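The values are calculated or read from the model by the stated rules, or taken from the named source; none is laboratory data. Just so it is clear, the structure is predicted and the values come from calculations on it, not from any experiment. Every residue, glycine among them, receives a Cβ derived from its backbone with ideal geometry; neighbour counts consider all protein chains shown. Heavy atoms of the whole protein, side chains included, go into the accessibility calculation; ligands, DNA and RNA do not. Shrake-Rupley method; radii C 1.70, N 1.55, O 1.52, S 1.80 Å.
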Amino acid sequence: MARDKAKPGSIPRQKMPEQSPLARVATFSEVALGLAPDIAHLESERCLMCKKPTCIEGCPVSIDIPSFIQRVVNDDLEGAARVLFESNALPAICGRVCPQEDQCESVCVLGKKFEPVAIGRLERFVADYVRENGLDLLPNPGQATGHKVAIIGSGPAGLSAAGELAKLGHAVTIFEALHKPGGVLVYGIPEFRLPKDIVAQEIDNLRKLGVEIETNVVIGRTVLVDELFAEEGFDAVFIGTGAGLPYFLDIPGEDLNGVCSANEFLTRVNLMKAYDFPNVDTPVHVGNNVTVIGGGNTALDAARTALRLKPEKVSLVYRRSREEMPGRAEEIHHAEEEGVDFQMLTNPVRFIDNGEGWLAGMECVRMELGEPDDSGRRRPIPIEGSNFVIHCETAVVAVGNGANQIVASTTPGLDTGRHGNIVADEETGATSRDGVFAGGDIVTGAATVILAMGAGKKAAATVHQYLLTLDGGATENGAAEITSPG
Amino acid sequence: MYKIVEKRTLAPLTTWFLVEAPLVAKRHKPGQFVLVRVCEGGERFPLTIVDSDKETGTIALVSQEVGKSTGLLAKVEEGEFLLDVAGPLGKPTDIHQFGRVVCVAGGIGAAPLFPIARGMKNVGNDVTVILGARNEELMILREELETVCHALRIATDDGSVGFHGFVSQLLDERIQSGESYDHAVAIGPLPMMEAVCKVTGKYNIPTIVSLNPVMVDGTGMCGGCRVKVHGETLFACVDGPEFDGLGVDFASLSHRLKMYHKQEQCSLQRVAKEGA
Ligand SMILES: Cc1cc2nc3c(=O)[nH]c(=O)nc-3n(C[C@H](O)[C@H](O)[C@H](O)COP(=O)(O)OP(=O)(O)OC[C@H]3O[C@@H](n4cnc5c(N)ncnc54)[C@H](O)[C@@H]3O)c2cc1C
Ligand SMILES: Cc1cc2nc3c(=O)[nH]c(=O)nc-3n(C[C@H](O)[C@H](O)[C@H](O)COP(=O)(O)OP(=O)(O)OC[C@H]3O[C@@H](n4cnc5c(N)ncnc54)[C@H](O)[C@@H]3O)c2cc1C
Ligand code: SF4
Ligand code: FES
């Protein structure tokens, strides 16, 4: 179809159809329903097809955005998908969970005068089209090189590294500690934002590429990194173990029954399906009043998950103001629509015992914002005498995650940084150990799905180079192979 | 899938399993545990590895039926499979030459204590095992423990065999009558471990206990297993499960173990009703 030369900005940004707040809090099914084909087409027409597409610079994996959107304009959805897959192995996932408002869409040229192109929604539209129509766009596994690569962790970093390496013909095995692969995509991010069958399908695709997945293997306990090399015959190892160690507040009463980390709360509900208790065996504790502490995606997910377990009230306590909340704008909005009670500029000081060891409430203090701190955000300062109590029987602590030490502490010569993160080169994933590479949250600290994927992909390229040097040279050819996408 | 190659009843509601899990068997050290999921929809729950054989690739587990999940496990027969077995998890027991070591087991605690006593003996310690149970019928692994220590002492709450009273009382009596110990390991129900620590604390005997908080992932990811030791919050699955018993906040842990009591009862009632 020829492109109508619509005047820039004459078409408004198309809205994502969603379940109504009332309907959706009654279920765990996905909130955002996806663009209808005609709406997606209309949205694609908004793109200016810029000569200097700044959107691409805003994308952590440099998707050729105008090129895929042009194909949507031309109704060539399969072609559009091929463009996406060149740079992003998991577009159905990224189209749903990427913070586009801080990435591609924040620098979209159209966005300077009008609202930016809804790039994320289009990405999801294209990826869903491929999925729902069962189109087989899978690349073929490369010709077998005879090299074995071990991937530790099956989150986005590990999955993308595995896919890239399988495409290059290496024999890839992913080792996952839990019984189900996917990392935060399965145990953290809830069904209503990212349906689990989408994740399962992406993982199936990897299996079709020849990637082996071994669950229930905790590297550092079940098998050591050194044993992967010496006994299991692997030539290289990629570590993508994520930021999975929950921080607590370290305030009085944190060991009361009713207080848990967001990781525990979300794992019980998402991975163990506790929403279906007693049809499944894992329970979750939800009192009449639930308070979540934190302002990131994890806190928002915990609050909205809690809402769906039908307490009377869910509050979200955050020590800075709404503008500083690190969670995605869209999800903050969703949480508010669904009825989460936002208590901004509020910090807990202690958990209150009901006299029998159970949580009865949380004493909080109001905060005001002072001078900017290291992070550039204004530092919250307690207002003296402003203490008050929020009544609650469940408190979910979502104040961040640190690095798990199981792999680092059992791998001699693997350097870690100040916060226990594995030290790895941002561009190459190389660590202090020969043949060992790392990427994703275990290196950067808690970040995003797309950054973890990007890190896995970059590291895969280096791993490939490394394997070629093991063969005794020919790295130039290798370089050419890596940079040609597909 | 992890095959049950052998199954035996040790005492009422207490079953011994030999499970095929070659990777776990290969790296297992005393003090470590596995997380088990019996079937789809099942909980992840921890069981201590009682023994392992690298050659045959098997591990031994002993489970006491106390609720839905351990009840489900008890129904799995020889030749059938467990869906998930992950491990070996947790830090191994600190086993070295202490001198005179006393290992105190209460009830099901005899199972996790077995590999520890054996390890302690193998490195040249003089090992005394004090084995206790509510009554003779419930006492498990008596013969096995006999082979891994220099002296085995028995106590039952009802006096049906051995000393009439708690293991902690027997321990206190032995010490008062002149036995001395350089190191103690106590595993069993929380009140029993606490009581042993009261005794050993009196005589300044360093004492290791193995804690059993509710776990989910077993890898340090959820913090559900947090315990307080010497005022510090630690994760039992990665920092433990063994800790300095003289610093453990037993009251807090015993309370935290009741967190899901209502739901556990509900699960059990459903089992009783539906027989499923
Ligand atoms: C609740 C929540 C919501 C989020 N929402 C968003 C969002 O909307 N958008 C966004 O972009 N980002 C979001 N994030 C962040 C994003 O999910 C992470 O940045 C990303 O998943 C990191 O990927 P990863 O591959 O590094 O690690 P992970 O996804 O954490 O995966 C690591 C995997 O390694 C496994 N593992 C750990 N140790 C071992 C071991 N020793 N042996 C074997 N396996 C091991 C773990 O079990 C896990 O499966 C969210 C995070 C959370 C917790
Ligand atoms: C490190 C460790 C090692 C253990 N080793 C053994 C062993 O060798 N043999 C044995 O019989 N038992 C062992 N246990 C205890 C065993 O895990 C629990 O008895 C079992 O999980 C109970 O589940 P249930 O559904 O049958 O009972 P439920 O009715 O669910 O619970 C009964 C009680 O068991 C505890 N419990 C429940 N769920 C869990 C869980 N996910 N994790 C830990 N405790 C839980 C609670 O105190 C609860 O009140 C160990 C526990 C830990 C933490
Ligand atoms: S910057 Fe915006 S308008 Fe320009 S090509 Fe990218 S998406 Fe289209
Ligand atoms: S069981 Fe989850 S952190 Fe220990």
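Things to note:
- Subset tally (residues that are open to solvent by 50 Å² or more (accessible area, probe 1.4 Å) and out of contact with any Lys or Arg (no Cβ under 7 Å at 6 or more places or on another chain)) for the stretch B:265-276: 8
- Residue tally, condition on the phi > 0 side of the Ramachandran plot and within 11 Å of ligand 4 (Cβ to nearest atom), over the stretch B:222-244: 1
- Single match in A:Glu78, A:Glu45, A:Glu105 (criterion: more than 16 Å from ligand 4 (Cβ to nearest atom) and open to solvent by 40 Å² or more (accessible area, probe 1.4 Å)): A:Glu78
Here is a yes/no grid of residues against (1) closer than 30 Å to B:Cys39 by Cβ; (2) open to solvent by 10 Å² or more (accessible area, probe 1.4 Å):
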position: B:Glu80; (1), (2): yes, yes
position: B:His96; (1), (2): no, yes
position: B:Pro112; (1), (2): yes, yes
position: B:Val127; (1), (2): no, no
position: B:Gly159; (1), (2): no, yes
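- Restricting attention to the stretch B:1-60 and to residues that are assigned to a loop (DSSP other than H, G, I, E, B) and among the β-branched types (Val, Ile, Thr), the residue that is surrounded by the most Cβ atoms within 10 Å (Cβ to Cβ) turns out to be B:Val38.
- Scanning the stretch B:167-180 for residues that are surrounded by 21 or more Cβ atoms within 10 Å (Cβ to Cβ) and in contact with a strand residue (DSSP E or B) (Cβ under 7 Å, 6 or more places away or on another chain) yields B:Val167, B:Leu170, B:Leu171.
Conditions (1) closer than 24 Å to A:Glu338 by Cβ; (2) outside any helix (DSSP H, G or I), marked per residue:
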position	(1), (2)
A:Asp38	no, no
A:Glu43	no, no
A:Cys50	no, yes
A:Ile56	no, no
A:Arg96	yes, no
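- A:Thr416 being touching a Leu at 6+ places or on another chain (Cβ under 7 Å) and among the hydroxyl-bearing types (Ser, Thr, Tyr): no
- Every residue from the stretch A:8-39 that is closer than 20 Å to A:Ile198 by Cα and among the hydrophobic types (A, V, I, L, M, F, W, C): A:Met16, A:Phe28, A:Val31, A:Ala32, A:Leu33, A:Leu35, A:Ala36
- Residue in the stretch A:148-161 that is within 15 Å of ligand 3 (Cβ to nearest atom) and either under 27 Å from A:Asp301 (Cβ atoms) or in contact with an Asp or Glu (Cβ under 9 Å, 6 or more places away or on another chain) (or both) present: no
- Inside the stretch A:294-330, residues that are over 22 Å from B:Gln263 (Cα atoms), within 20 Å of the chain's Cα centre (by Cα) and of a type outside the set (Lys, Arg) make up a count of 14.
- Residue match in the stretch B:90-102 (condition: touching a helix residue (DSSP H, G or I) at 6+ places or on another chain (Cβ under 8 Å), within 16 Å of ligand 1 (Cβ to nearest atom) and among the basic types (Lys, Arg)): yes
- For B:Pro189, the test of being surrounded by fewer than 18 Cβ atoms within 10 Å (Cβ to Cβ), out of contact with any Cys (no Cβ under 8 Å at 6 or more places or on another chain) and at pLDDT 95 or above is failed.
- Boolean, B:Met215 is open to solvent by 10 Å² or more (accessible area, probe 1.4 Å), within 16 Å of ligand 1 (Cβ to nearest atom) and outside any strand (DSSP E or B): yes
- Filtered by the rule that a residue be assigned to a helix (DSSP H, G or I) and either at pLDDT 85 or above or in the same structural domain as B:Pro189 (by TED's automatic domain parsing) (or both), the stretch B:251-261 gives B:Ala251, B:Ser252, B:Leu253, B:Ser254, B:His255, B:Arg256.
- Note on the stretch A:248-263: among residues that are surrounded by fewer than 24 Cβ atoms within 10 Å (Cβ to Cβ) and closer than 18 Å to A:Gly402 by Cβ, the one that is farthest from ligand 1 (Cβ to nearest atom) is A:Ile251.
- Among the residues of the stretch B:4-42, those identified as of a type outside the set (A, V, I, L, M) and more than 14 Å from every other protein chain (Cβ to nearest Cβ) are B:Glu6, B:Lys7, B:Arg8, B:Thr9, B:Pro12, B:Thr14, B:Thr15, B:Trp16, B:Phe17, B:Pro30.
- Matching residues, the stretch A:264-314, being crowded, with 22+ Cβ neighbours inside 10 Å and among the aromatic types (Phe, Trp, Tyr): A:Phe265
- Some residue of the stretch A:232-253 being in a helix (DSSP H, G or I) and at the interface with chain B (Cβ under 9 Å from one of its Cβ atoms): no
To keep it simple, each residue is scored yes or no on (1) more than 16 Å from ligand 4 (Cβ to nearest atom); (2) basic (Lys, Arg); (3) open to solvent by less than 20 Å² (accessible area, probe 1.4 Å).
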site: A:Pro21; (1), (2), (3): yes, no, no
site: A:Ala26; (1), (2), (3): yes, no, no
site: A:Gly34; (1), (2), (3): yes, no, yes
site: A:Lys51; (1), (2), (3): yes, yes, no
site: A:Thr54; (1), (2), (3): yes, no, no
site: A:Ile63; (1), (2), (3): yes, no, yes
site: A:Phe68; (1), (2), (3): yes, no, yes
site: A:Val73; (1), (2), (3): yes, no, yes
